[in-house]
Amino acid sequence: MIFNMEFETLPREALEAIQLRRLSANLERVYATVPFYRKKFDEAGFKPGDLKSLEDLSKLPFTTKQDLRDNYPFGMFAVPMDNVVRIHASSGTTGQPTVVGYTARDVQNWAELMARSLAAGGASRGDIIHNAYGYGLFTGGLGIHYGAERLGASVIPISGGNTRRQVMIMRDFGPTILTCTPSYALHLAEAAQEMGVDFANLKFKSGIFGAEPWSETMRVEIEKKLHLSAVDIYGLSEVMGPGVAIECIEAKKGLHIMEDHFLPEIIDPDTGEPKPPGETGELVFTSLTKEAFPVIRYRTRDISSLNYAPCSCGRTFCRMARVSGRTDDMLIIRGVNVFPSQIESVLMEMSEVEPHYQLVVDREGNLDTLTVMVEVGEGAFSDEVKDLLSLEAKITKNIKETLGVSTKVKLVEPKTIARSEGKAQRVIDNRKI
Ligand code: DLL
């Protein structure tokens, strides 16, 4: 179902006119209110009034995560604290969180975009949404929550964790839509099985999964184990939270970006040069309507591409390809670039292993080595040692053939790899210790 027929099906020309108008107003606003942007624009010799077309955006400087850190905690806010009604923060891996703020209108807009997203993922009034994204500083829980209420669905604000209790509530309350990270979805499936609860007997129609990279083969695995239709949702705190882009359940071929609120670009991460539609590079977003925390050409470090072809669902917003990884997640193993999601794809295609894995990077001498730890199914460890060794060899060979990289593969017993309640930690990098 399309939640906002007027905006989600705008012809491109009308959409671009709205984008240009909103962008101009946004540039005026940030120039007047955020010293960081004023300085950056001045250095680039750019005045907000210079913007004549959407292409002129490329004359503006980028904003990076480091810029946000330098202005920690509230230095990038474009309104006085009197007008900020909500604060969220992303934990990040390096300690200092990135802090973002919302005005009352920002919260309203976010709820609208999340209502659109949930509708695109198969939800409508009358659905019961089991929301297992974490509530708190993380944007997942409250983002989905406000969208669900805006849609008119019932929301169970279960948050992450206490997995067995979640399964009990799923069985008793009969939720129809599941929202959580894809790794937690698999954890829930496993816990249900242990408790003798069969997902086939639950009422789920669809699941809206995101906040971490997951592969197409992982989707197949989740759909099979949870008996639901799985769609991908993307977002980041710096731009808003969940609901920046969503796959439509009709096509599941790329994520529609909410283009009336966010302007996407793809750039070459090394040179910063814009790349044409279809080419892969780093995603960059400019917010068009955000009041408290607008961003101009924010470098997400997420890798994707843009597709402007019409979609069978009727939405006219362009689609971004599933995020394959982050520029800073890329491992360089003996000169070969590897993303964890590529390894995941190879593993998930093999029926002998479970969808639980972790990658361990070490340095031996001057060489980086990658060990792939993956769980095998119950009972496999009672098999002959030679069978396990040949399975390890088979996985090593499949990875080598697909990615061109040599890895060590270590099969581990079921349930030895830590389960996540939010974002899974896929990589342990011992080089950084
Ligand atoms: O993860 C917002 C979110 C909540 C999205 C719930 C979807 C569902 P952050 O904690 O700021 O915000 O992390 C943002 O997570 O830059 C990506 O690297 C990654 N990410 C988010 N969604 C996806 C996805 C939330 N669908 C960072 N696929 C982003 C791959 C994703 N990576």
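When the gyration tensor of the stretch 331-432 is built from Cα positions, what are the square roots of 5 times its three eigenvalues, in whole Å, from largest to smallest? Working shown, then result.
Details: eigenvalues 94, 55, 32 Å².
Over the Cα atoms of the stretch 331-432, the ellipsoid semi-axes are 22, 17, 13 Å.
Per the chain: cysteines with no other Cys C-beta under 4.7 angstrom?
By the Cβ distance rule, which asks for a partner under 4.7 Å, the isolated cysteines are Cys180, Cys311, Cys318.
Taking only protein heavy atoms into account and a 1.4 Å probe, give the accessible area per residue of the chain in Å². Intermediate values should be presented prior to the final figure.
Details: 18390 Å² over 433 residues.
Per-residue value: 42 Å².
For Ser124 and Ile332, FRET efficiency with R0 = 60 Å and r from the beta-carbon atoms, rounded to 0.05?
Working: r = 46 Å, r/R0 = 0.76.
Computed FRET efficiency for Ile332 and Ser124: 0.85.
Considering only the other residues whose Cβ falls under 10 Å of the Cβ of Leu57, what net charge follows from Lys and Arg at +1 and Asp and Glu at -1? Present the calculation step by step, with values, prior to reporting the outcome.
Values: positive: Lys59, Arg297; negative: Glu55, Asp56, Glu265.
Residues close to Leu57 contribute a combined charge of -1.
Ile177: net charge of surrounding residues, Cβ under 11 Å, Lys/Arg +1, Asp/Glu -1, itself excluded? Let's see the in-between values first.
Working: positive: Lys203, Lys205; negative: Asp127.
Charge balance in the 11 Å sphere: +1.
Quick check: Cα centre of the stretch 247-261 to Cα centre of the stretch 63-99, how many Å?
Taking the Cα centre of each part, the stretch 247-261 and the stretch 63-99 sit 27 Å apart.
Direction-averaged shadow area of the convex hull around the Cα atoms of the stretch 267-397, nm²? Present the calculation step by step, with values, prior to reporting the outcome.
On the way: hull surface 52.1 nm².
Spelled out: convex hull of the Cα atoms, projected over all directions, averaged, 13.0 nm².
Give me the net charge of Thr217's neighbourhood, meaning all other residues with Cβ under 10 Å from the Cβ of Thr217; Lys, Arg count +1, Asp, Glu -1. Show your work: numbers first, answer last.
Details: positive: Arg219; negative: Glu216, Glu221, Glu344, Glu349.
Summing Lys and Arg as +1 and Asp and Glu as -1 gives -3.
Given Gly278, Ser206, Ala32, which one lies farthest toward the positive end of the charge dipole of the chain, if we put +1 on the Cβ of every Lys and Arg and -1 on the Cβ of every Asp and Glu?
So the residue furthest toward the plus end is Ala32.
What number, in percent, do you get for the relative contact order of the chain if the mean sequence gap of Cα pairs under 8 Å and at least 6 apart is divided by its residue count?
Answer for the chain is 14 percent.
Given a 1.4 Å probe and every protein chain left where it sits, what share in percent of the accessible area of the stretch 331-432 is carbon and sulfur? Provide the component values of the computation, followed by the final result.
Details: 2630 of 5370 Å².
After summing per-atom areas, the C and S share lands at 49 percent.
Which value, in Å to one decimal place, does the Kirkwood hydrodynamic radius take for the stretch 1-93 when every pair of different Cα atoms is included?
On the way: mean 1/r = 0.0638 Å⁻¹.
This gives a value of 15.7 Å.
Using the crude model of +1 on Lys and Arg Cβ and -1 on Asp and Glu Cβ, and no other charge, please compute the dipole size for the chain relative to its Cα centre, in debye to 20. Intermediate values should be presented prior to the final figure.
Working: 50 positive and 58 negative charges, 132 e Å.
Here the chain has a charge dipole of around 640 debye.
Of the accessible area of the stretch 1-327, with the probe set at 1.4 angstrom, what percent is carbon plus sulfur? Display every interim value, and only then the final one.
Values: 6650 of 12670 Å².
That share works out to 52 percent.
The values are calculated or read from the model by the stated rules, or taken from the named source; none is laboratory data. The structure displayed is predicted, hence computed values, not measured ones. Using ideal geometry, Cβ is built from the backbone for each residue, glycine included, and neighbour counts are taken over all protein chains shown. Areas reflect the complete protein model, heavy atoms only, side chains present, ligands, DNA and RNA absent. Shrake-Rupley method; radii C 1.70, N 1.55, O 1.52, S 1.80 Å.
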